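In what follows, a single structure is set out as structure tokens and then discussed.
The values are calculated or read from the model by the stated rules, or taken from the named source; none is laboratory data. A quick note: this is a predicted structure, and the numbers were derived from the prediction, not measured. No Cβ is skipped: glycine too gets one built from the backbone with ideal geometry, and neighbour counts run over all protein chains shown.
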Amino acid sequence: MTSDFVLANGLLFKLLWKCKVTDDPSMVLCVPEEYVPQILYHYHDYIMSGHQGIVRTYSTVREKFFFPNMFEKVQQYVRSCHLCQTMKASPKLPVASFSHIPVNFTPFDHMSMDIKDMPMSFSHYHKIIIFNCLATQYTVVCPFVQFQLRQFLTAFSQRSFVFLESHP
Ligand SMILES: [Zn+2]
């Protein structure tokens, strides 16, 4: 046995040194081969572990345990994890870049629309439809009880609804 291992209370610990000259070592438990799958499951698959990647799983495990060929075993375990292989996005996918969207359209050519639930009004309106002009940020709000396209188009064409001007 080399000086990097210590037997305490019937358990074998490995000493980890950041610097043998200046620092005291930390101790990690040496794990028999038969417990390695349970440890890897706990530190990779368990709900609080979150299926971290190879490096993070290895870093977490080696803070507490030692077993031969740790990195290779963690690497093999993570690479064989079905959930990681099927659910995680590939890190090689290109990242979308931020860019300015050219504003080369005229007011009211391009509108966004959203429907929101609201508290019931005295007139029993409980929904609003919101239109927003993408060029000017001009906002149109129309309350309604139950959405009916014909009713809304009539109201929109007659402009018999609330106009709100938003300030960007
Ligand atoms: Zn996984």
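Worth pointing out:
- So SER80, is it exposed (fewer than 10 other Cβ atoms within 10 Å of the Cβ), under 27 Å from PRO37 (Cβ atoms) and modelled with pLDDT of 80 or more: yes
- Failed item in (1) hydrophobic (A, V, I, L, M, F, W, C); (2) over 16 Å from GLN75 (Cα atoms); (3) free of Cβ contacts under 8 Å to residues at least 12 places away in the same chain, with PHE5 passing the rest: (3)
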